[in-house]
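Peer 1: Pasting in a structure now, in structure tokens, and then I'll have a few things to ask.
The values are calculated or read from the model by the stated rules, or taken from the named source; none is laboratory data. What you see is a predicted model, and the numbers here were worked out from it, not measured in a lab. When we count neighbours, we look across all protein chains shown, and the Cβ atoms used for this are built from the backbone with ideal geometry, even at glycine.
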Amino acid sequence: MEVKQTNVQSGINIASASNNYDNTSSAKTSNLKAQQTELEELKEKQDIEEQKKKLNELAQQLNKELNPLNTNVTFSFNEDIEGLYVTVSERDTNRVIRKIPSDEAMELMAKMKEVVGMIFDKQA
């Protein structure tokens, strides 16, 4: 009888060790996934910063090219539409020649985002 008890106890010990290994393995896996997600987020932030830098350089280059025409090109970000817009203006008077997209179009985009948000909130 002692032999059987030892075997049963050994079986429990093996099962317990296997269970501990599974818990450790899943903890490591979730930790690795969290680190991978964090790295991806950092890369996205770096990409965004690089894009902003390139846009600023391009805007400066365009301003130099348009210098003989006495115009400025300004790139801006609108929080309501979550997008860029471009303003072309006269350098001396700051009179806006053109805004792309126009103020009306940006207002329309903002309202459409608001309406879509309300529709999804009601459906959820």
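Peer 1: Scan segment 43-67 for residues that are surrounded by fewer than 10 Cβ atoms within 10 Å (Cβ to Cβ) and aliphatic (A, V, I, L, M) and report the count.
Peer 2: 0
Every residue, every condition in (1) assigned to a loop (DSSP other than H, G, I, E, B); (2) in contact with a helix residue (DSSP H, G or I) (Cβ under 6 Å, 6 or more places away or on another chain); (3) modelled with pLDDT of 90 or more, yes or no:
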site: 54; (1), (2), (3): no, no, no
site: 76; (1), (2), (3): no, no, no
site: 89; (1), (2), (3): no, no, yes
site: 93; (1), (2), (3): yes, no, yes
site: 113; (1), (2), (3): no, no, no
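Peer 1: Taking residue 123 as meeting all but one of (1) at pLDDT below 80; (2) surrounded by 11 or more Cβ atoms within 10 Å (Cβ to Cβ), write down the number of the exception.
Peer 2: (2)
Peer 1: Only one residue in 24, 29 is modelled with pLDDT of 75 or more, part of a helix (DSSP H, G or I) and either more than 30 Å from residue 86 (Cα to Cα) or over 21 Å from the mean Cα position of the chain (by Cα) (or both). Which one? Break it down stepwise before answering.
Peer 2: On the way: 24 fails: modelled with pLDDT of 75 or more.
Of 24, 29, the one residue that is modelled with pLDDT of 75 or more, part of a helix (DSSP H, G or I) and either more than 30 Å from residue 86 (Cα to Cα) or over 21 Å from the mean Cα position of the chain (by Cα) (or both) is 29.
Peer 1: Being charged (D, E, K, R) and under 12 Å from residue 80 (Cβ atoms) is the filter; apply it to segment 93-109 and report the residue that is surrounded by the most Cβ atoms within 10 Å (Cβ to Cβ).
Peer 2: Filtering segment 93-109 down to residues charged (D, E, K, R) leaves 95, 98-99, 103-104, 107.
Now restrict to residues that are under 12 Å from residue 80 (Cβ atoms): 103, 107.
Details: 103: 11, 107: 13.
The residue in question is 107.
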